[in-house]
Amino acid sequence: MWRIIKTFWQESKKYSWLWILFLVFILIASMCSLIAPYLMKRVIDALISVNNLTTAAGPRILLMLIFWWFMVSLILVVINGVRNFVFWTMVNKVYYQFSADAFKKILRKDITVFNKNKSGELLHVFDDGGESIWGVCHHVFNELFPQLVSFIFITVFALTVNWKLTLVLLAVIPIQIALSWYHYVATKHFSEKTRALWDKAFGIAGDVFQNIHATKAYAREQYESARLDNWFLRAVSIQLRANVRWMWARMFDTYIIGEFAVLIAGALLVFNGEITVGTLVMFTSFVGTILLPINMFAMGLQNNQKDATKFKKLEALLAEPETIVKTSGTHTQKKVQGAITARHVSFGYGKKQVLSNISFNIKPGERIALVGPSGAGKSTLALLIARFYDPQKGTILLDGVDMRAWNYQNLREHIAVVWQENMLFHESLEFNVKYGDLHATKNEIMAAAERANIKDFILGQKKKLKTVVGERGIYLSGGEKQRVMVARAILRNADVIVLDEATSALDSITERHVQEGIRNLTQDKTSIIIAHRLSTIKHVDRIFVVKNGKIIAAGPHEELMNTCPLYHRMVDLQIHGVLQEEEIKNPNQ
């Protein structure tokens with residue numbers, strides 16, 4: 001909780017004028033909360049005093065006291081309303097700034113952070129973390145702090161009126177603090193367990209929503225509902241155990257004890273003539289003001305505990321590594337030739353070694369195809385070239401400069417990526433294509449679309465470029481998705497293209513359209529293409545055959561057909577659909 005308060009304080013210091021207004025309104029409200037009970041005391045004492053009422057001025061004085069009590073109470077309501085508005089304005093500004101900064105930091109994280117977490121879970125942690133600031137700070141600053149100020153004002157005033165009755169009232173406070181802290185410690189681990197279960201549940205829900213077509217295709221609606229129910233029930237069962245604890249805490253509310261003690265002690269003082277009945281009534285109203293901060297703190301502990309757990313999870317996410325961004329250097333170039341060199345590169349995921357001691361040189365403007373069995377390391381090699389990861393051993397250079405020495409943003413400007421998995425947003429065609437160059441004009445967008453062979457499709461839509469593609473491009477066919485992503489890459493006008501060419505699932509006509517777009521994209525560009533079809537291989541300069549994390553052969557198609565048995569076998573399999581009997585017996589040749 002204290003981390004949340006510290007974060008809020010650091011973010012809100014820039015709004016000093018709002019803090020000043022907030023504190024001024026708290027001081028005025030605290031004085032009003034002191035004056036109102038005092039006026040009520042005067043009214044009651046005036047009503048009880050027969051002598052005052054029988055005089056000519058008695059009724060007028062009584063009415064005047066009632067009027068001022070009403071005016072002070074009205075001012076208190078208005079001041080508290082304005083104070084709330086000032087605080088909400090400040091906390092909204094902090095909430096916005098913190099959420100925006102957190103989002104920027106999350107986007108800077110290494111790709112491994114997103115690979116190991118479900119998107120729904122990440123979204124839940126991000127959303128809850130921001131909300132926790134609002135919850136804790138509203139409770140501490142806008143509820144608890146004003147009550148503490150009033151507590152100080154009224155305690156000092158009460159001591160001047162009757163110290164005995166004030167000490168009776170204050171004696172209840174340690175009891176309330178001890179009970180509240182006991183229940184807080186006893187339920188803290190419940191809150192952490194519950195938050196973890198809720199995050200898991202929302203992660204599953206997000207996963208199901210993203211794969212809704214598979215869920216419906218296999219009629220797994222009931223199965224997924226039951227799976228999610230299981231996580232919800234586990235979270236609720238633990239939360240109920242915590243709620244039982246807090247139920248007992250609130251049943252032993254010291255407010256009743258405090259009021260009872262004040263009435264008993266006050267009645268004795270009235271009988272002894274030390275205080276008036278009006279003073280006793282005033283002190284009973286002080287019970288709420290003096291004990292309210294303690295009670296409010298106790299009641300808020302439960303929610304603050306949940307918010308602290310939420311914030312802790314967001315802090316853990318923000319503490320995840322951002323190695324790629326932080327280790328980037330300062331080297332920049334306006335234009336690159338596109339020469340790529342790998343020197344003894346090795347890489348793995350955890351304990352699994354994927355690439356081993358790979359070295360190669362790619363000339364500027366050269367088109368390279370990566371081919372090999374599934375799991376050979378082709379995609380990982382492409383990810384390293386695009387610097388989604390850094391080699392664990394060795395170096396990769398662009399134009400003779402280690403990629404880690406490049407300025408992160410500048411390096412990204414020189415590399416365009418088109419993956420097999422679609423990377424389309426639930427936005428318009430214009431938004432998705434323009435993602436390659438945010439400053440592109442409509443004419444430039446359409447020119448890129450024409451080169452990607454998607455222009456006719458766009459013009460055939462009722463809303464043209466404003467046509468929404470749906471989540472992950474669900475309203476588009478496979479070929480249309482590919483061509484939109486190719487258009488985006490063309491618009492970026494990068495010098496290096498990394499392309500996971502995925503046309504194996506397309507019909508011949510659609511494949512031809514996509515291939516034309518790819519040829520336009522890679523023309524005069526250094527291109528690294530993960531090839532799945534011979535139609536792609538035909539147009540490249542060289543082919544790298546990857547097997548078991550190593551490049552076992554490199555050269556043009558005709559050369560590899562004669563010198564690389566694995567490549568020859570893969571081509572035969574794609575052309576004829578079968579392998580020779582001796583090749584089946586010796587798959588490792």
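With 28 Å as the limit, write out which pairs from Lys334/Lys463; Lys116/Lys455; Lys6/Lys116; Lys434/Lys462; Lys118/Lys312; Lys116/Lys378 have Cα-Cα distances beyond it, or answer none. Please report the intermediate quantities before stating the final value.
On the way: Lys334/Lys463 37 Å; Lys116/Lys455 37 Å; Lys6/Lys116 30 Å; Lys434/Lys462 19 Å; Lys118/Lys312 18 Å; Lys116/Lys378 20 Å.
Among Lys334/Lys463; Lys116/Lys455; Lys6/Lys116; Lys434/Lys462; Lys118/Lys312; Lys116/Lys378, the Cα-Cα distance tops 28 Å for Lys334/Lys463; Lys116/Lys455; Lys6/Lys116.
Based on other C-beta atoms within 10 Å, arrange His124, His568, His532 from fewest to most.
On the way: His124 22, His568 15, His532 19.
So the ranking, lowest neighbour count to highest, is His568, His532, His124.
What does the charge add up to near Ala405, with Lys and Arg as +1, Asp and Glu as -1, over the other residues with Cβ less than 13 Å from its Cβ? Numbers along the way, then the final one.
Working: positive: Arg387, Arg404; negative: Asp390, Asp399, Asp402.
Within the 13 Å Cβ shell, the charges total -1.
Would you pull out the residues with amide H under 5 Å of Ser527's amide H, same chain only if 5 or more places away, H placed 1.01 Å from N?
HN-HN under 5 Å from Ser527: Glu366, Arg367, Ile368, Ile497.
Fewest to most neighbouring Cβ within 10 Å: what's the order for Tyr408, Tyr182? All intermediate terms of the calculation are to be shown ahead of the outcome.
Details: Tyr408 19, Tyr182 12.
By the 10 Å Cβ count, ascending, the order reads Tyr182, Tyr408.
Using only Cα atoms, locate the centre of the range 332-402 and the centre of the range 1-47, then give the distance between them in Å, rounded to an integer.
62 Å
For the chain, what is the percent of antiparallel DSSP beta bridges, rounded to the nearest 5?
Among the beta bridges of the chain, antiparallel pairing accounts for roughly 55 percent.
I need Leu280, Leu438, Leu429 ordered by Cβ neighbour count within 10 Å, fewest first. Present the calculation step by step, with values, prior to reporting the outcome.
On the way: Leu280 20, Leu438 8, Leu429 26.
By the 10 Å Cβ count, ascending, the order reads Leu438, Leu280, Leu429.
Taking amide H positions as placed in the peptide plane 1.01 Å from N, state which residues far from Asp402 in sequence (5 or more) or on other chains have amide H under 5 Å from it.
Those qualifying (amide H under 5 Å, at least 5 residues apart or on another chain) number zero.
Tell me, what ³J(HN,Hα) does each residue in the range 137-144 have, in order and in whole Hz, if you take phi through Karplus 6.51 cos²θ - 1.76 cosθ + 1.60 with θ = phi - 60° and put x for Gly and Pro?
Result, ordered by residue: 5, 5, 5, 6, 8, 9, 10, 6 Hz.
Using the Karplus equation 6.51 cos²θ - 1.76 cosθ + 1.60 (θ = phi - 60°), what ³J(HN,Hα) coupling, rounded to whole Hz, does each residue of the range 383-398 give in order, writing x for Gly and Pro?
These are the phi-based 3J(HN,Hα) values: 5, 5, 5, 7, 6, 7, 10, 9, x, 6, 9, x, 9, 10, 10, 10 Hz.
Under a Cβ-Cβ cut-off of 13 Å, what is the net charge of the residues other than Leu491 that fall near it, where Lys and Arg count +1 and Asp and Glu count -1?
Working: positive: Lys434, Lys442, Arg451, Lys455, Arg483, Arg488, Arg492; negative: Glu413, Glu430, Asp437, Glu444, Glu450.
Residues near Leu491 contribute +2 overall.
How do the peptides 440-446, 549-555, 306-312 rank, highest first, by the average count of neighbouring beta carbon atoms within 10 Å per residue?
Details: 440-446: 15.4, 549-555: 17.6, 306-312: 22.7.
My ranking of the peptides, most packed first, is 306-312, 549-555, 440-446.
Using Cα centres only, tell me the gap between the range 466-501 and the range 77-135 in whole Å.
Between the Cα centre of the range 466-501 and that of the range 77-135, the gap is 32 Å.
Count the net charge of all other residues whose Cβ sits under 14 Å from the Cβ of Ala553, scoring Lys and Arg as +1 and Asp and Glu as -1. Don't jump to the answer; show the numbers that get you there.
Numbers: positive: Lys378, Arg542, Lys547, Lys550, Arg569; negative: Glu558, Glu559.
Net local charge, Ala553 excluded: +3.
List, in order, the whole-Hz ³J(HN,Hα) value for each residue of the range 438-447 obtained from phi through the Karplus relation with A = 6.51, B = -1.76, C = 1.60 and θ = phi - 60°; use x for Gly and Pro.
Result, rounded to whole Hz: 5, 9, 5, 7, 4, 5, 5, 5, 5, 5.
Please give the peptides 478-485, 387-394 ranked by average Cβ packing (other Cβ atoms within 10 Å per residue), highest first, as a rough proxy for protection. Kindly include the intermediate steps, with their values, before the conclusion.
Working: 478-485: 24.4, 387-394: 17.0.
Most protected by this proxy first, the peptides run 478-485, 387-394.
For a quick check: with amide H placed at 1.01 Å from N, whose amide H comes under 5 Å from Ala553's, ignoring anything fewer than 5 positions away on the same chain?
Distant-sequence amide H within range of Ala553: Val545.
The numbers here are math on the coordinates, done by the rules we state, and not lab data. Treat the numbers as computed from the prediction; the structure is a model and nothing was measured. For neighbour counting, all protein chains shown are included, and Cβ atoms are generated from backbone atoms with ideal geometry for every residue, glycine included.
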